[in-house]
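**Q** Before I ask anything, let me first share the structure, which is written out below as structure tokens.
The values are calculated or read from the model by the stated rules, or taken from the named source; none is laboratory data. These numbers were taken from a predicted model, which means no experiment stands behind them. As a convention, Cβ positions derive from the backbone with ideal geometry for all residues, glycine included, and neighbour counts pool all protein chains shown.
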Amino acid sequence: QIRAEINAACERVLTCDPDYLVMGMSAETFWGGVEGNRQFTEQLESFSGLKLATGADAVRRGLDLFGAKRLGVVTPYQPIADENVRLFLSEAGYDVVNLKGLRCPSAVDIARVSEDELRKAILEVDGPDVDAIVQVGTNLSMVGLADEAERWLGKPVIAINAATWWHALRSNGVTDQIHGFGTLLREH
């Protein structure tokens with residue numbers, strides 16, 4: 001349904017005359033693995049005539065910056081979407097050591113996941129064999145907690161919303177450093 005409607009949504013956004021597009025939904029950008037993300041990006045860039053930042057590309061760029069290969073992943077998704085996240089990350093050269101799918105029944109329920117539940121999920125996917133934690137699902141608000149978790153875990157914790165924003169800013173030459181949203185925005 002998303003792919004069938006994405007051009008119409010993009011057409012409405014283009015009435016604002018933007019210079020760049022940022023995909024504010026991450027599940028679709030992982031679907032079909034690396035090739036699925038490439039096709040999705042190509043479709044929107046071709047339709048809009050603009051460059052596009054996706055969550056999948058942002059996570060990959062952040063992980064490469066940190067040199068992280070072994071991951072703990074937190075998702076709000078059902079198993080089919082978890083498998084597409086795992087597929088993308090595996091095809092991109094990462095090892096998903098642990099994945100915690102919260103199996104939220106709806107997008108609204110994703111937004112209702114508490115910080116305490118997220119903290120528990122982070123700890124569940126972490127371990128000595130994990131280089132970085134990745135959180136996907138743009139409706140799962142974890143930006144502030146990820147910034148905090150980096151300090152108590154001593155490793156990168158990449159929240160998809162912060163990573164996507166960082167990726168879009170850096171792709172457009174904006175190098176402002178922003179505090180409170182994780183290492184990517186603060187230091188890179």
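**Q** Would you confirm whether any residue within the stretch 169-176 is closer than 18 Å to M23 by Cα, surrounded by 18 or more Cβ atoms within 10 Å (Cβ to Cβ) and not charged (D, E, K, R)?
**A** Within the stretch 169-176, one or more residues are closer than 18 Å to M23 by Cα, surrounded by 18 or more Cβ atoms within 10 Å (Cβ to Cβ) and not charged (D, E, K, R).
**Q** Against the condition free of Cβ contacts under 8 Å to residues at least 40 places away in the same chain, part of a helix (DSSP H, G or I), of a type outside the set (S, T, Y) and touching a Leu at 6+ places or on another chain (Cβ under 9 Å), how does L184 come out, does it pass? Walk me through it before giving the result.
**A** Values: free of Cβ contacts under 8 Å to residues at least 40 places away in the same chain: no; part of a helix (DSSP H, G or I): yes; of a type outside the set (S, T, Y): yes; touching a Leu at 6+ places or on another chain (Cβ under 9 Å): yes.
Here the answer is no, as L184 does not meet what is asked.
**Q** Among the residues of the stretch 106-162, which ones are over 22 Å from A27 (Cβ atoms) and either part of a loop (DSSP other than H, G, I, E, B) or under 13 Å from the mean Cα position of the chain (by Cα) (or both)?
**A** D126, G127, P128, D129, V130, D131, G154, K155
**Q** Which of the residues spanning the stretch 82-105 are in a loop (DSSP other than H, G, I, E, B) and among the hydrophobic types (A, V, I, L, M, F, W, C)? Before the answer, list the steps.
**A** Step one: filter the stretch 82-105 for residues in a loop (DSSP other than H, G, I, E, B), giving 92-94, 102-105.
Listed by number, the residues that qualify are A92, L102, C104.
**Q** How many residues, within the stretch 4-36, are outside any helix (DSSP H, G or I) and either out of contact with any strand residue (DSSP E or B) (no Cβ under 8 Å at 6 or more places or on another chain) or touching a residue at least 60 places away in the same chain (Cβ under 8 Å) (or both)?
**A** Residues in the stretch 4-36 being outside any helix (DSSP H, G or I) and either out of contact with any strand residue (DSSP E or B) (no Cβ under 8 Å at 6 or more places or on another chain) or touching a residue at least 60 places away in the same chain (Cβ under 8 Å) (or both): 13 in total.
**Q** Right, something else. Given the options F40, F30, name the one that is at pLDDT 95 or above and surrounded by 19 or more Cβ atoms within 10 Å (Cβ to Cβ).
**A** F30
**Q** For the stretch 63-81, give me each residue that is buried (at least 22 other Cβ atoms within 10 Å of the Cβ) and part of a helix (DSSP H, G or I). Lay out the reasoning, then the answer.
**A** First pass over the stretch 63-81, keeping only residues buried (at least 22 other Cβ atoms within 10 Å of the Cβ): 63, 71-77.
Result: L63, single match.
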